[in-house]
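Structure first, then comments.
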Amino acid sequence: MDADTDPIEIMGAEPAGRLGDVFDAATGRYFAPTPQPHYRDMLRQLYLAQAPGADAARFDAVWPRIWELTEYPHDPSQLVAILDTGVLAGHPLLRDCLHEVVDFTGEGGEDRNGHGTLVTLLARLMMPGVPRRKFVVLKCVGADGRGAQANLIRALGWMQAFNRRGTARIVTANISLGVYNRKWLVLGCDGTCALCRAAVETAKEIVLSVAAGNVAGKTACPARAAFLPSNPAILAVGRSDEATSGAGTVTGTVEPTERVIFQPKH
């Protein structure tokens, strides 16, 4: 298998992803993650600084259900892209937050894995007080958590083309996907693989937050591009205890500590 055909896979704390973490088909109930307690002060300050008429008591009253802080408007001009396994568009917390869903796998844009929906929910969760940006969800990986590198490369190119088409622009993208190209497994990619080149080109206009990988001390592509000189718009994101070296930026992940149940209204 050559480097261009090594599959992309889900990266993060739950590499496999489980649809049951998001939707219980037996009961029709949806689940949502809540932020870790140590994020409370940071999110509280963000809310107080940016929400119109923000009230500290209200924030404290709804914590950790901070998605209830809805007095701030949508920002229709700036979008967030999620490149993952798709999304459950019917989730109660996401139905009014989706600008567009595009499928590159042939499965359709609906999330059959669960990982993409969880990532989108976490991104939704971390916006208290900020004019909420809608999401563009690009499905690059199928139900089994794997996909072709070509899917991710096409999605990166699609974002650039999208930004040239209209007034709304994708300003940042979360990519919880990566590939350990066999050709580069020992020393690490030098930034010349097709995936890293595509990421570098996209990062000229969109800030990319890319999962560093699931193996300590090894950085998957395209996060590897963050460690190349003069790539400030690519962030390699991994566990805070991950041993990743180089010039790139490695930050801690946001993981849910509990789930909240939503029963859809009919």
Packing-based order for 160-171, 124-135, using average beta carbon neighbours within 10 Å, highest first = 124-135, 160-171
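Sort 36-46, 204-214 by packing, meaning the average of other beta carbons within 10 Å per residue, with the highest value first.
The peptides rank, most packed first, as 204-214, 36-46.
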task = Please give the net charge around G142, taking every other residue with its beta carbon less than 14 angstrom from that of G142, where Lys and Arg add +1 and Asp and Glu add -1.
result = -4
query = What residues have an amide H closer than 5 Å to that of A212, excluding those fewer than 5 places away on the same chain, when H is modeled at 1.01 Å from N in the peptide plane?
reply = V237, G238
query = Working out 0.36 nm times the residue gap between N163 and V215, then minus their Cα-Cα distance, what length gain in nm do you get to one decimal?
reply = 15.4 nm
remark   = By the mean-Cβ-within-10 Å protection proxy, highest first, 81-87, 22-28, 194-200 rank as 81-87, 194-200, 22-28
note = Computed for the stretch 3-262: size of charge dipole around the Cα centre, +1 on C-beta of each Lys and Arg, -1 on C-beta of each Asp and Glu, debye to nearest 20, value 420 debye
ask   = How large is ³J(HN,Hα), in whole Hz, for each residue of the stretch 117-131 in order, when computed from phi with the Karplus curve 6.51 cos²θ - 1.76 cosθ + 1.60 and θ = phi - 60°, using x for Gly and Pro?
value = 5, 4, 4, 5, 4, 5, 5, 4, 5, 8, 10, x, x, 8, x
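Determine the gain in length on full extension of the stretch V260-R29; use 0.36 nm per residue of separation and subtract their C-alpha separation, reporting nm with one decimal.
82.2 nm
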key: Other-chain or far-sequence residues with amide H under 5 Å of A89's (modelled H)   = D111
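Readers should treat all values here as calculations from the given coordinates under stated rules, not as data from a laboratory. Small disclaimer: the values here were computed from a predicted structure and weren't measured. Because the Cβ atoms are built from the backbone with ideal geometry, glycine has one as well, and the counts that use them run over all protein chains shown.
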